[in-house]
Amino acid sequence: MNRVFPTILYLDLETYSATKLTVHGLHVYAVDAEILLMAYAVNDGEVKVIEQPNDEVTQLLLDPEVQIVAHNAQFDRTILRHAWQMDTDVSRWRCTMAQALAHSLPGRLEDLCQLYNLSEEQAKDKDGRRLISLFCSPQPANRKFERATKDTHPEDWAAFVHYAAQDIVSMRELYKRLPKWNYQGGELELWHLDQRINDRGVAVDRELVAGALSAVEQEKKRLSKQAHDQTEGAVDSASQRDALLAHLVKQYGVELPDLKTSTVERRIEDPDLPEPVKDLLRIRLAASMSSTAKFKKFKQCTSEDGRLRGTLQFCGASRTGRWAGRLVQLQNIPRGTVSGNELSDGIEALKGGFADLMVPDINKLASSVLRGCIIAPPGRKLVVSDLSNIEGRVAVWLAGEDWKIQAFEQFDQGIGHDLYKLAYAQSFGIKAENVTKDQRQLGKIQELALGYGGSVGAFTAFANIYQVDLEDMARKLYPSLPADYVEKSIFWWNQLNKNKQNTYGLSRDVFVACDGIKRAWRHAHPNVVQYWADLNNTAINAINNPGHVYNSVRKLKMQYHKGWLRIKLPSGRYLCYPNARIEDDQITYSGINQYSRKWGRIRTYGGKLFENLCQAVARDVLAYGMKVAELAGYAVVSSVHDELITEVDDTETFSASELSLLMATNPPWAKGLPLAAAGFESHRYRKD
C-alpha cells in the first residue's frame, strides 16, 4: 500500500550549469549544477521562492512524513542530491509528468496547462523559455557578458522569480486535476522502482567507447576521401545525399528516389547498374552504417564513476505504458553482424587502436560492439533474460485462441512445433512437419503482419523487410490457394480498382496471393478476428453509454468515464483514451500523433485497440517480472523491449536460468497465460 502523507511539499528548481543538459543528460549535468531558485509551497499555502536552503525547506526535505511533488521529479531529486546534499527517499516523491504520461497525456507542463485550460493565473508563464535561456546557461560568445545574474539583469530576474513561483501554482493545480488511476498502488511502486533503476544505471566500458569512436571517425574520413576521389570532387562526403544523387544523374543517368539503406541495397543487386555507380553506393552504404552518434552519446552521458544513468522513461510509450529509451537509446541498437570470437577480437582491437589492421569493415564491427559497451564492473556479472514472443502469447490468451495457447505450451515443453511453421500449417491445412523453409518464412510474416487486423499492405511491408520475392511467392502459392479465397480476393481486387483505391502497386496475381494468405491466417484464428470486432463494438457502445461498465470483452472491462474511454487490463491498470468520441461511425480520441508528435485527434479501431492491449499486457508482465527479480536480488539496470538486464555478484548464486524462471512466473492476474523466457550470463552485454 502507498503511504498517505499529512503534508505535501510542492517544489521546482531553476538551475545553472555550463554543462548542456540536452547533450550530457541529467546525471552528468547535475554534478556541477547550481540551484539558482527553489520555488515551493506547503499544501495550499503561499508560494515562496528562495536562493539558498532555509530552515523551513531543510526541515521539510528531511522530514520522512512529508510527501514531495515535482514535475519531472527525477531532475529535482538528482539536483538536490548534488547541489544541496539532500538525499531524499524516492518513495516520498510524486511526479506530475510521470502521472500524466501514465494516463496517455503530454509530459510537458505547458502542454498540460493548455490541455486543462488553466486560467492565466494558474498557467505556466509563457516567457519562461526566454528567462531560462538567459539565466540558466552561459551566454553566446557574441554577448558582452558571459553569464546573466540578478545583478546584471535585475528586472528580468524579478520576472524569473515570478516564473518560478508560477510553476508551483500550475503544478499544484495539475496534481489535483490529473487522474490517479494509473499512478497509485502497484503502478506508483513501479515508478519508484523505475527511479531506482535510472539512478543505478549501467556500467560502461569507456575504453571501448573511446577506441570505437576514434576508429569510426577515421573510417568516416577514409570513406569521404573515396567519395571525393571517385567523383573528382563533385561529392565531398558519402553522407552528402543531394550531391551524390545529383552526381549519379549527371554522370551516369541513374535516378534514385532516395538513398535509404533498403533502396541502396536493392539497387546494388541490379546487374544493369554500372560498376562505378555500385562502388559509390557501396561507399554510401558503409558510411550510413556509422555508429558515431551512439558512441558519442555513451561518452557524453557517462558519469565519472563509469556508469550511464537515466536511460529509461517511465510510460514513455504513453498509450501502452511501455518504457521508452533516452540518451543512448538502448532500444534501437542494431543487431550487428559480427559475433563470437571475431567480435571479442574486434573489441580488443578497437580498444588497442589497431582495428583497421584486423577487420575489412570498421563500421560493421562498430555497429556490432555497441551493446558490448555495457559491462559488469569487477566482481559483478550481467544476467540477462528475455520474454519469448510475449505479444503473440498475450494475443491468443486475451482472445481465447485455445489451439494456439496449447501450441505455445507444447513448444515450451519441447514437444511442440515451431510456431511459424504451425501458423502456416494451420492456415493451409497441412502438417507442420511438412512446412518448407520458404513456407515457414511466410508463416513468420503472417504472424508479424496480420495479428492486429493487418491486410495486404501490412503483409507486403513485412515481406519487403524479409526480402521475399512476391512474384515468385505468388507463382508457387497460387495453385494451392482454396478456390473461394481466390474468388473473394479477385472480387476485392476489382472493387479496389473500380473505386480507385490502393492496391499497393501489385499485379492482380500477387495481390490475390497476399490477400489469400491473409484470409487463410484469419480462418485459422477465428477468435482473434472476432475479438477485433468485439473490441471495436464494445468501445463504441461504451462511448455512447457513459458510465456503464461493459464486461463483454473476456478479461477486460470498458467504461466511458467523464470523457475518458478506459479499458481495465487484467493487471488492474487502465488503457486510457482521453476525450474519446464517435465521429462518422469511427472511434477517435485525443493523443500525440506518432508521426507529427503533436497533440490532436487520432482514429482507432478494433485491430489497433487489440495491438495496444497486447503491448500493454506484455508490459505489465515485464513489470511484474522486474519486481520479482529485484526481490530475489537481481538488480535491474535497464530494460530493452521485453528483456531485463540485471547486475549481480559474480557467483553461482545468480543464474540466467533462475532469472528466466522468475520472469516467466505468471502474475496472479494472468492465470493460463503461457510464459517463457531465456537468457544468458556475461561480463559484457550482447544480443543472445
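With the structure loaded, tell me whether TYR577 is over 30 Å from ALA102 (Cα atoms) and hydroxyl-bearing (Ser, Thr, Tyr) or whether it fails that test.
On the way: over 30 Å from ALA102 (Cα atoms): no; hydroxyl-bearing (Ser, Thr, Tyr): yes.
Spelling it out, it is not the case that TYR577 is over 30 Å from ALA102 (Cα atoms) and hydroxyl-bearing (Ser, Thr, Tyr).
Can you report the number of residues in the range 508-539 which are within 30 Å of ASN579 (Cβ to Cβ) and surrounded by fewer than 17 Cβ atoms within 10 Å (Cβ to Cβ)?
Of the residues in the range 508-539, the ones within 30 Å of ASN579 (Cβ to Cβ) are 528-539.
With surrounded by fewer than 17 Cβ atoms within 10 Å (Cβ to Cβ) added as a condition, the list becomes 530, 533, 537.
The qualifying residues number 3.
Of the residues that make up the range 117-140, is at least one of a type in the set (Ser, Thr, Tyr) and open to solvent by less than 40 Å² (accessible area, probe 1.4 Å)? Give the derivation first.
The initial filter retains those residues of the range 117-140 that are of a type in the set (Ser, Thr, Tyr), namely 119, 133, 137.
Now drop any that are not open to solvent by less than 40 Å² (accessible area, probe 1.4 Å), which leaves none.
No, the conditions are met nowhere in the range 117-140.
Among GLY372, GLY353, which is the only one that is open to solvent by less than 20 Å² (accessible area, probe 1.4 Å) and touching a helix residue (DSSP H, G or I) at 6+ places or on another chain (Cβ under 7 Å)? Walk me through how you get there before you give the answer.
Values: GLY353 fails: open to solvent by less than 20 Å² (accessible area, probe 1.4 Å).
One residue alone meets the criteria, GLY372.
Keeping to the range 429-470, report how many residues are under 27 Å from the mean Cα position of the chain (by Cα) and not in a helix (DSSP H, G or I).
Result for the range 429-470: 7.
Go through the range 8-44 and count every residue that is loosely packed, with under 13 Cβ neighbours inside 10 Å and either of a type in the set (Phe, Trp, Tyr) or more than 30 Å from THR311 (Cβ to Cβ) (or both).
Residues meeting the conditions: 2.
Checking SER552 against (1) closer than 30 Å to LEU190 by Cα; (2) of a type in the set (Ser, Thr, Tyr); (3) not in a strand (DSSP E or B): exactly one of these is not met. Which one?
Looking at each condition in turn, SER552 falls short on (3).
Only residues that are open to solvent by 80 Å² or more (accessible area, probe 1.4 Å) and not in a loop (DSSP other than H, G, I, E, B): list them for the range 496-507, please.
The answer is LYS498, and nothing else.
Out of all the residues in the range 471-495, which are open to solvent by less than 20 Å² (accessible area, probe 1.4 Å), assigned to a helix (DSSP H, G or I) and closer than 21 Å to VAL435 by Cα?
Initially, the range 471-495 is screened for residues open to solvent by less than 20 Å² (accessible area, probe 1.4 Å), giving 473-474, 477, 481, 489.
Next, from what is left, pick out any that are assigned to a helix (DSSP H, G or I): 473-474, 477, 489.
If the condition is that a residue be open to solvent by less than 20 Å² (accessible area, probe 1.4 Å), assigned to a helix (DSSP H, G or I) and closer than 21 Å to VAL435 by Cα, then MET473, ALA474, LEU477 are the ones that fit.
Taking the range 82-102 as the search range and keeping residues that are closer than 30 Å to PRO179 by Cβ and among the charged types (D, E, K, R), which one is surrounded by the most Cβ atoms within 10 Å (Cβ to Cβ)?
By that ranking, first place goes to ARG94.
Where in the range 250-303 are there helices (runs of 4 or more DSSP H), lying fully within it, with 2 or more residues that are within 24 Å of ILE374 (Cα to Cα), under 31 Å from the mean Cα position of the chain (by Cα) and modelled with pLDDT of 80 or more? Steps first, please.
On the way: elements: 261-268, 275-288, 292-301.
So the answer is 292-301.
Give me the pairs, please: first residue somewhere in the range 90-107 and under 15 Å from LEU193 (Cβ atoms), second residue anywhere and among the hydroxyl-bearing types (Ser, Thr, Tyr), beta-carbon distance under 8 Å, and either six or more positions apart or on two chains.
ARG94/TYR175; ARG94/TYR183; ALA98/TYR183; ALA102/TYR183; ALA102/SER318
Is at least one residue of the range 586-601 over 19 Å from the mean Cα position of the chain (by Cα), assigned to a loop (DSSP other than H, G, I, E, B) and more than 22 Å from TYR685 (Cβ to Cβ)? Full working, then the answer.
As a first pass, look at the range 586-601 and keep what is over 19 Å from the mean Cα position of the chain (by Cα): 586-590, 600-601.
This time we only want the ones that are assigned to a loop (DSSP other than H, G, I, E, B), so: none.
Taking every residue of the range 586-601 in turn, none turns out to be over 19 Å from the mean Cα position of the chain (by Cα), assigned to a loop (DSSP other than H, G, I, E, B) and more than 22 Å from TYR685 (Cβ to Cβ).
How do the pairs read when you match residues in the range 369-398 that are assigned to a strand (DSSP E or B) with residues anywhere that are buried (at least 23 other Cβ atoms within 10 Å of the Cβ) and at pLDDT below 95, using Cβ under 7 Å and keeping only pairs 6 or more apart or on different chains?
Close Cβ pairs (under 7 Å, with a partner that is buried (at least 23 other Cβ atoms within 10 Å of the Cβ) and at pLDDT below 95) do not exist here.
Would you please name the residue that is farthest from ILE592 (Cα to Cα), looking only at residues in the range 68-81 that are crowded, with 21+ Cβ neighbours inside 10 Å and polar (S, T, N, Q)?
Within the range 68-81, the match that is farthest from ILE592 (Cα to Cα) is THR78.
Looking at the range 323-336, is at least one residue over 30 Å from ILE592 (Cβ atoms), at pLDDT below 85 and of a type outside the set (A, V, I, L, M)?
Within the range 323-336 (the criterion being over 30 Å from ILE592 (Cβ atoms), at pLDDT below 85 and of a type outside the set (A, V, I, L, M)), the answer is yes, since at least one residue qualifies.
Considering only residues that are open to solvent by less than 40 Å² (accessible area, probe 1.4 Å) and of a type in the set (Ser, Thr, Tyr), look in the range 291-339 and name the one that is farthest from LEU575 (Cα to Cα).
Among those that are open to solvent by less than 40 Å² (accessible area, probe 1.4 Å) and of a type in the set (Ser, Thr, Tyr), it is THR292.
Does the range 384-427 hold any residues that are open to solvent by less than 30 Å² (accessible area, probe 1.4 Å) and aromatic (Phe, Trp, Tyr), and which are they?
Of everything in the range 384-427, those that are open to solvent by less than 30 Å² (accessible area, probe 1.4 Å) and aromatic (Phe, Trp, Tyr) turn out to be TRP397, PHE408, TYR424.
Suppose the filter is hydroxyl-bearing (Ser, Thr, Tyr), open to solvent by 20 Å² or more (accessible area, probe 1.4 Å) and in a helix (DSSP H, G or I); does THR58 pass it?
Working: hydroxyl-bearing (Ser, Thr, Tyr): yes; open to solvent by 20 Å² or more (accessible area, probe 1.4 Å): yes; in a helix (DSSP H, G or I): yes.
In short, yes.
Which of the following residues is in contact with a strand residue (DSSP E or B) (Cβ under 7 Å, 6 or more places away or on another chain), surrounded by fewer than 16 Cβ atoms within 10 Å (Cβ to Cβ) and not basic (Lys, Arg): PRO377, PRO360?
Numbers: PRO360 fails: in contact with a strand residue (DSSP E or B) (Cβ under 7 Å, 6 or more places away or on another chain).
Checking each option against the conditions leaves just PRO377.
Report, by residue number, each residue of the range 158-200 that is in contact with a His (Cβ under 7 Å, 6 or more places away or on another chain) and farther than 21 Å from LEU569 by Cα.
Matches in the range 158-200: MET171 only.
Take the residues of the range 158-217 that are part of a helix (DSSP H, G or I) and acidic (Asp, Glu): which is nearest to THR78 (Cα to Cα)?
Narrowing the range 158-217 to residues part of a helix (DSSP H, G or I): 158-177, 185-200, 206-217.
Retained after the next criterion (residues that are acidic (Asp, Glu)): 167, 173, 187, 189, 194, 199, 207, 217.
Values: ASP167: 19, GLU173: 24, GLU187: 22, GLU189: 19, ASP194: 14, ASP199: 9, GLU207: 27, GLU217: 34 Å.
Per the stated criteria, the residue is ASP199.
Just the residues that are within 20 Å of GLU391 (Cβ to Cβ), acidic (Asp, Glu) and not in a loop (DSSP other than H, G, I, E, B), please, taken from the range 627-671.
GLU643
The values are calculated or read from the model by the stated rules, or taken from the named source; none is laboratory data. Quick caveat, the model's predicted, so the values are computed rather than measured. No Cβ is skipped: glycine too gets one built from the backbone with ideal geometry, and neighbour counts run over all protein chains shown. Protein only, heavy atoms only, side chains kept; ligands, DNA and RNA dropped before computing areas. Shrake-Rupley method; radii C 1.70, N 1.55, O 1.52, S 1.80 Å.
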